[in-house]
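A.B. asks: I'd like to ask you about the structure that follows.
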Amino acid sequence: MLVRLSIRDVVLIDRLELEFGQGLSVLTGETGAGKSILLDALGLALGRRAEARLVRHGQEQASVTAEFDMDASNPLWRKLEEHGIISDGGPLLLRRVLGANGKSRAFINDQAISVSLLAEIGAEIVEIHGQFDNQKLMSPSSHIGLLDALGKHQRMLSVVGSAFQLWRDAVAELTRATEALEAAKRDEEYLSHAVDELRAISPEKGEEQRLAQERTMMMHGEKLVEAMNKAAGIIGSGAGVERKVRDAIRKLEPVQEKAEGLLDEALKALDDASENLAQASNELNKAAAKVNLDPAVLEQAEDRLFKLRALSRKHNVEVDALCDLAIELESQLKQITDGGKHLEQLSRAELEAKADYAKAAEKISIARKKAAAKLDKSVAAELAPLKLGSAHFISKIESLLGDETAWGENGFDKVAFEVSTNPGAPSGPLNRIASGGELARFMLALKVVLAKADPVPTLIFDEVDAGIGGAVADAVGVRLSSLSGDVQVLVVTHSPQVAARGVQHLRVSKSAKKGGDDKVLTMVEALDATQRTDEIARMLSGEQITTEARAAAQSLLQGAAE
């Protein structure tokens, strides 16, 4: 709730500090005293439109700070955290600074923010009726939410929202599959040819490297075989290396025992050399036997290698990826064949999801009609005492069942609050049918009924009692007092009957600024019991307070207290 309002240099206000409590607070004062200035100032702090005229003459800027007591568990803090504003357990401070040039800056808890965010937060915690035209109740887009809150439809809303999302997901999946199948059909001829071409060559992973190696070997086969044969010949010929090693071994073995181990390592090395030479000769013979010198085999290897590389260039993939490409293209071709069956399955799933959504939406639609009847009846009971007995309030529910484009997470209902102020006259939107005074009283009647459903913690009514008096004004006061049991209510009033119902009474007046410069300033003071009696008496009798007026004021206050 609003606990403090600090105003600096706004129109006729120099410096003003106001504190507010729970329940009903009333602001009174003579016409032109500046009550509307207070609402203009508060509107600045709430992010409403700023105009340079609001800056007090001769000053460079105006500033307004509104302090709110908001529980740390309030979900609004989570929204603020998304913008880097963290709750430390303290109050919520909304501040606006307006320059004489019309430019303004906005702050929340002394952190600079956009004016749009300030307005968004302000709308969540304060609602002003009577002076501004953008109240939540005036916006048809909010009516369905208010009706659902009144009817406690949260669980059904959750079911409808989930069903809607499942249906939209099914529609999206069907759309994607349909588009993919259509694209595949356009490429069917190409896919069929590509698959046949890849099947014909049957590429294998690692094949390119193997064929390239075989090709290189066969291209140089004759030189390789000649070199291997010569090497083998050198090793195994009569004067070859192998014989010389054996001769060396025969020369040394007879004297090995006399050498006292001196020749052991040398003989071992010669034995190893002899064995390695024999192995080398054997390997050379085997390698030479593997070299294929058949030109037809070379031609076959080259032909396959060139075909593989041509296909890789054609499909813009590596040769080793041709195998995976063949599998992928075969899968796409198969999808074209099986696509019709798959689409049938998805189509059935979409229809089932749609039916589930329609069922859930129809259920909440029935519940809304019951809630609407309850709301209409409750508001009608409030209208007669407010001198609106000939008016009718209608919660109009329009089914959009036949227009799937209008379906949403809330169902297929369109809800709008309408009124008819004269018997037999057609109903229409609140702000177009009702006059200013009627509109404020309609708002009050609605607020009394919806108080527990609408989470806005602070309500302000600007001259809700315009054009009424006596018993009707008293009925307005009773309803404002009743409403203040659920939310904080501030009312600007000219009615003594309404003023008498306030828990806190603030009087707005004008006075000349000290210093003799003839400047007039708006002042606000909290009234004690005696001052309050005098103020209500003034509202009853005018500037001259009579004994009868004072007695009537005391009677009103006593009646309100009872």
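The values are calculated or read from the model by the stated rules, or taken from the named source; none is laboratory data. Only a predicted model underlies this, so the values are computations on that prediction, with no experimental measurement involved. Here the Cβ positions follow ideal geometry from the backbone for every residue, glycine too, while neighbour counts run over all protein chains shown. In case anyone asks, the SASA skips ligands and DNA or RNA and just uses the protein heavy atoms, side chains included. Shrake-Rupley method; radii C 1.70, N 1.55, O 1.52, S 1.80 Å.
A.B. asks: Cut-off under 17 Å on the C-alpha distance; same-chain residues fewer than 8 positions from K519 excluded. Which aspartates and glutamates are left, in chain and number order?
C.D. replies: Output for K519: D9, D14.
A.B. asks: By how many degrees, between 0 and 90 and to the nearest 10, does the Cα long axis of helix 115-125 differ from the longest principal axis of the chain?
C.D. replies: So the inclination is approximately 60 degrees.
A.B. asks: Which order, highest average first, do 140-147, 267-274 follow once you tally other Cβ atoms within 10 Å for each residue and take the mean per peptide?
C.D. replies: Going by the mean number of other Cβ atoms within 10 Å, highest first, we get 140-147, 267-274.
A.B. asks: At a 1.4 Å probe radius, carbon and sulfur cover how many percent of the accessible area of the chain?
C.D. replies: 50 percent
A.B. asks: Helix 547-561 versus the longest principal axis of the chain: what angle, 0 to 90°, nearest 10, using Cα atoms?
C.D. replies: Result, in degrees: 40.
A.B. asks: Now for a different question. So how long is each side of the range 314-467 along the principal axes, counting just the alpha-carbon atoms, biggest first, in Å?
C.D. replies: Projected onto the principal axes, the Cα atoms of the range 314-467 cover 90, 30, 27 Å.
A.B. asks: Defining a contact as two alpha carbons under 8 Å apart and six or more residues distant in sequence, what relative contact order in percent does the range 471-562 show?
C.D. replies: Dividing the mean separation by the residue count of the range 471-562 yields 24 percent.
A.B. asks: Using a Cα-Cα cut-off of under 17 Å, which lysines could be cross-linked to K251, ignoring same-chain neighbours fewer than 8 residues away?
C.D. replies: K268
A.B. asks: Run down the lysines and flag those whose C-alpha is under 23 Å from the C-alpha of K414, throwing out any fewer than 8 positions away in its chain.
C.D. replies: The qualifying lysines are K136, K152, K354, K359, K363, K369, K370, K374, K377, K396, K447, K452.
A.B. asks: For the ranges 83-89, 107-113, what's the packing order if you count other beta-carbon atoms within 10 Å of each residue, average per peptide, and put the highest first?
C.D. replies: 107-113, 83-89
A.B. asks: Which peptide among 279-289, 374-384 comes first, and what is the full order, when sorted by highest mean count of other Cβ atoms within 10 Å?
C.D. replies: Answer by packing, highest mean first, reads 374-384, 279-289.
A.B. asks: Any idea how far the Cα center of the range 465-487 sits from the one of the range 1-73, in Å?
C.D. replies: About 24 Å separates the Cα centre of the range 465-487 from the one of the range 1-73.
A.B. asks: Apply the Karplus curve 6.51 cos²θ - 1.76 cosθ + 1.60, θ = phi - 60°, to the phi angles in the range 363-380 and return the couplings in whole Hz, x for Gly and Pro.
C.D. replies: Karplus-based 3J(HN,Hα) across the range 363-380 equals 5, 6, 5, 5, 5, 5, 5, 5, 5, 5, 5, 5, 5, 4, 5, 5, 5, 4 Hz.
A.B. asks: Could you pull out every residue, at least 5 positions away or on a different chain, whose amide H is within less than 5 Å of the one on L400? Hs are placed 1.01 Å off N in the peptide plane, and Pro or chain starts have none.
C.D. replies: For L400, whose amide H was placed from the backbone, the distant partners under 5 Å are D413, K414.
A.B. asks: What does the accessible area per residue of the chain come to in Å², with a 1.4 Å probe and no ligands, DNA or RNA counted?
C.D. replies: That works out to 54 Å² for each residue.
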